[in-house]
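**Q** Below is the structure I would like to discuss, written out as C-alpha cells.
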C-alpha cells in the first residue's frame, strides 16, 4: 500500500509541476532589440497592470503578480500572464509557458517566445531579476544587456513615466491591423499591455479573495 501511495505521489508531481526543461524550451534565444514601449510594457507586466483579454473589464482590477512575459520575435509586441495573488507559488505554472507563447503568437500574428519568468529576464539565459522599476535605470540596464534599440523614440522620461506605467484605460484594439501597430495593445505606448491571468488554488477551490 505504501508503495502504491509513493507511486501516486510521483505521478502527481510529474503532471502537476513542470520540469525546468518543459519551461525553458519556450524561452527566447534570438537577438532582439526593444524600444521604450517594449521596456514600459515589461515594467507594466512587473506591476501587474494589463488589459485582461479573458474578462469583461478593461483590465484585471484584482491583485496580480507576474508569471510569464512573452514577446514577438521582432520585439514589437508584448503579452503578459499573471497570477491573481501576490503570494509566492499561489498559482501553478502547469502548461502556462506553452499557453502564453500560443496566445501571444495568435495575438501578434507572428512567433513569440518567453522573455521573462516572474521578475527574471530569461531571454538568452540572461537570468537577471528586476526589482527596481525606475524607467531610466531599466533603460540603462537594457542597453547594457544589448536588449535596447538605439533607434527607439524618446517619448518617455522619468518625469512622465508613471503616467504611462499606471495607464488603466485606452482606446486601442486587440485585433492586429496587418499594416501597422498604431492602435494595437502591447505594441503602442498609449495602449495597455494585453494578457491573461491564472486563478490561484484557492480561487479554483471556491475560496475566492480580492
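Just so you know, all these numbers are worked out from the coordinates, no wet-lab data involved. As the structure is a computational prediction, the values presented were derived from the model and not from experiment. FYI the Cβ positions are ideal-geometry reconstructions off the backbone, even for glycines, and counts take in every protein chain you see.
**Q** Please order 85, 30, 149 by the number of other Cβ within 10 Å, starting at the fewest.
**A** 30, 149, 85
**Q** Report the full-extension gain for the segment residue 162 to residue 140: residue separation times 0.36 nm, less the Cα-Cα distance, to one decimal in nm.
**A** Numbers: separation 22, 0.36 × 22 = 7.92 nm, distance 1.74 nm.
Stretched out fully, the residue 162 to residue 140 stretch lengthens by 6.2 nm.
**Q** Separate question: Relative contact order (percent) for region 22-204, with alpha-carbon contacts under 8 angstrom and 6 or more residues of separation?
**A** On the way: 360 pairs, mean separation 59.5, N = 183.
About 32 percent, as a whole number.
**Q** Turning to a different aspect of this structure: Want the number for residue 202 to residue 150: 0.36 nm per residue separation, take away the alpha-carbon distance, what's left? Could you put the intermediate results ahead of the total?
**A** Details: separation 52, 0.36 × 52 = 18.72 nm, distance 4.50 nm.
In short, 14.2 nm is gained.
**Q** For 189, 49, 128, what's the fewest-to-most ordering of other Cβ within 10 Å of each Cβ? Walk me through the numbers before you get to the answer.
**A** On the way: 189 16, 49 21, 128 12.
The most exposed by this proxy come first: 128, 189, 49.
**Q** A further question follows. Once Rh is set to the Kirkwood radius over Cα pairs, what Stokes-Einstein translational diffusion coefficient, in µm²/s, holds for region 22-204 at a temperature of 20 °C and a viscosity of 1.002 mPa s? Mind showing how you got there, number by number?
**A** Working: Rh = 16.1 Å.
Once the numbers are plugged in, D ends up at 133 µm²/s.
**Q** For the pair residue 128/residue 174, report the inter-label distance in nm, with labels modelled 7 Å from Cα in the Cβ direction.
**A** Using points 7 Å along Cα→Cβ, the separation is 3.2 nm.
**Q** Quick one: Kirkwood hydrodynamic radius for region 34-115, alpha-carbon pairs, angstrom, one decimal?
**A** Roughly 12.9 Å, rounded to one decimal.
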